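Novice: Structure provided below as structure tokens; questions to follow.
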Amino acid sequence: MGTVRERVDGCWLGTQHLLARGEEVAAAVLAAAREAGVAWVDTADVYGSGAVERLLAGWTETFRIATKVGLVAAGPRYLPDGRPAEIGRAIDA
């Protein structure tokens with residue numbers, strides 16, 4: 001996978017609950033983050049079963065997007081799953 005040599009400076013936005021009030025509000029939050037100078041957005045494929053990452057697909061020119069893989073949703077909890085097939089599925093999501 002390689003080594004990340006980039007340093008994250010400034011503000012970032014976590015997105016675990018970004019869609020809690022719907023896509024229209026989420027888009028307004030992202031627009032406000034852009035206006036405030038946020039450069040980085042943190043997400044994971046398990047946030048909203050991938051819905052947050054699908055929403056962020058339209059913002060890739062605006063933000064640097066960091067994501068995480070290796071977790072699967074199991075009800076209200078997340079369980080680790082580092083199998084190669086799961087990592088591949090998460091990357092493709």
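Novice: Please compute the net charge surrounding LYS68, taking Lys and Arg as +1 and Asp and Glu as -1 over other residues with Cβ under 9 Å from its Cβ.
Specialist: -2
Novice: Rounded to a whole number, what % of the accessible area of the chain do carbon and sulfur atoms account for, probe 1.4 Å?
Specialist: Carbon and sulfur atoms account for 55 percent of the accessible area of the chain.
Novice: Summing -39500 (n - 2.57) over the DSSP H runs of n ≥ 4 in the chain and dividing by its residue number, what mean residue ellipticity at 222 nm do you reach, to the nearest 500 deg cm²/dmol?
Specialist: -8500 deg cm²/dmol
Novice: I would also like to ask the following. Taking amide hydrogens as modeled 1.01 Å from N in the peptide plane, which residues meet the under 5 Å criterion relative to LEU13, leaving out close sequence neighbours?
Specialist: Counting only residues 5 or more places away or on other chains, the set is TRP40, VAL41, ASP42.
Novice: Pulled fully out, how much extra length does the chain show between ALA73 and ARG34, if you take 0.36 nm times their separation in residues and subtract their Cα-Cα distance?
Specialist: Contour length minus the Cα-Cα distance gives 11.1 nm.
Novice: Distances longer than 16 Å among the Cα atoms of the chain: what percent of all pairs is that?
Specialist: So the portion of pairs separated by more than 16 Å is 58 percent.
The values are calculated or read from the model by the stated rules, or taken from the named source; none is laboratory data. Predicted model only: the values in this text are computed from it and were never measured. Methodologically, a virtual Cβ is constructed for each residue, glycine included, from the backbone with ideal geometry; neighbour enumeration extends over all protein chains shown. Each accessible area value is taken on the protein alone, full model and side chains, heavy atoms only, with ligands, DNA and RNA left out. Shrake-Rupley method; radii C 1.70, N 1.55, O 1.52, S 1.80 Å.
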